[in-house]
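Shown next, in structure tokens, is the structure this report addresses.
The values are calculated or read from the model by the stated rules, or taken from the named source; none is laboratory data. The structure presented is a predicted model; accordingly, all values stated were derived computationally and were not measured. For neighbour counting, all protein chains shown are included, and Cβ atoms are generated from backbone atoms with ideal geometry for every residue, glycine included.
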Amino acid sequence: MLGIRLNSPSKYVKRFATREQGKKYTLDIQGKLRSAVFQVDGYIIKTGVKCDRLVMVQTSAEPEEAWTQIFVELKGHDAIHGMEQLLATAKNPTFDSFSNRQRKARLVATSFPTNKANPKVEKLKIEFAKLNVDYKNIKSGQTDYL
């Protein structure tokens, strides 16, 4: 079995937050949906490039189970490295499942490079799109919605 560290037990919540080194990701869930937060870095993936957290939200149970995956990287200033960590995690076969209907990647950072000024950022965004992963930059403390 994988060494999985569940940051919070699966429960029904409307809002929750996860933090690391002064950075905070907040998710506001519309409706009463079951969710859980997992520690990826050092637990689910022990080596290589990976993000900090995985948020799983069950968006339906009937007629079949459906989940939304939200990969979260809590970063200081190196936003491009944070994007690379999120992309590597999204590509990892550990997270492939037919029940994962929506996949999102959220980078929480102090500052972000602009797309036009940095071709690397644009290339990474294209890679997320190829994987059908909704990528978004979020400032620490800003609320994300599902």
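So which residues in segment 41-72 are touching a helix residue (DSSP H, G or I) at 6+ places or on another chain (Cβ under 6 Å) and either at positive phi or not aromatic (Phe, Trp, Tyr) (or both), if there are any at all?
In the first step, residues of segment 41-72 are kept if they are touching a helix residue (DSSP H, G or I) at 6+ places or on another chain (Cβ under 6 Å); the result is 49-51, 71.
The answer is VAL49, LYS50, CYS51.
Taking the residues in segment 28-40 that are within 14 Å of THR59 (Cβ to Cβ) and out of contact with any Pro (no Cβ under 9 Å at 6 or more places or on another chain) as candidates, determine which candidate is modelled with the highest pLDDT.
Of all residues in segment 28-40, those within 14 Å of THR59 (Cβ to Cβ) come to 29-36.
If we keep only those that are out of contact with any Pro (no Cβ under 9 Å at 6 or more places or on another chain) too, we end up with 29-35.
Numbers: ILE29: 91, GLN30: 87, GLY31: 83, LYS32: 80, LEU33: 86, ARG34: 86, SER35: 88.
It comes out as ILE29.
Determine which single condition ILE44 fails, assuming it passes every other condition in (1) at pLDDT below 90; (2) buried (at least 18 other Cβ atoms within 10 Å of the Cβ); (3) of a type in the set (A, V, I, L, M, F, W, C).
(1)
Name every residue in segment 96-133 that is surrounded by fewer than 14 Cβ atoms within 10 Å (Cβ to Cβ), among the charged types (D, E, K, R) and not in a helix (DSSP H, G or I), in order of residue number.
ASP96, LYS116
Can you tell me which residues in segment 70-98 are within 25 Å of THR26 (Cβ to Cβ) and among the hydroxyl-bearing types (Ser, Thr, Tyr)?
Within segment 70-98, THR89 is the sole residue that qualifies.
LYS125 - would you say it is at pLDDT 90 or above, under 15 Å from the mean Cα position of the chain (by Cα) and within 18 Å of PHE16 (Cβ to Cβ)?
So LYS125 does not fit the description; no.
Restricting segment 65-95 to residues that are small (Gly, Ala, Ser) and either in a strand (DSSP E or B) or over 20 Å from THR114 (Cβ atoms) (or both), which is nearest to the chain's Cα centre (by Cα)? Walk me through it before giving the result.
Step one: list which residues in segment 65-95 are small (Gly, Ala, Ser), which gives 66, 76, 79, 82, 88, 90.
So of that shortlist, the ones also either in a strand (DSSP E or B) or over 20 Å from THR114 (Cβ atoms) (or both) come out as 66, 88, 90.
Working: ALA66: 17, ALA88: 12, ALA90: 9 Å.
So the residue we want is ALA90.
Is there any pair linking a residue in segment 1-23 that is among the aliphatic types (A, V, I, L, M) to one that is surrounded by fewer than 12 Cβ atoms within 10 Å (Cβ to Cβ) and at pLDDT below 85, with Cβ under 9 Å and at least six apart or on different chains, and which?
Close Cβ pairs satisfying both conditions: VAL13/LYS32.
When segment 105-142 is examined, which residues are found to be of a type in the set (Ser, Thr, Tyr) and farther than 17 Å from ILE70 by Cβ?
THR110, SER111, THR114
Within segment 35-44, can one find any residue that is closer than 22 Å to ALA17 by Cα and in a helix (DSSP H, G or I)?
So far as segment 35-44 goes, no, none of its residues is closer than 22 Å to ALA17 by Cα and in a helix (DSSP H, G or I).
So which of TYR25, TYR12 ends up being modelled with pLDDT of 90 or more, in contact with a Ser or Thr (Cβ under 8 Å, 6 or more places away or on another chain) and hydroxyl-bearing (Ser, Thr, Tyr)?
TYR25
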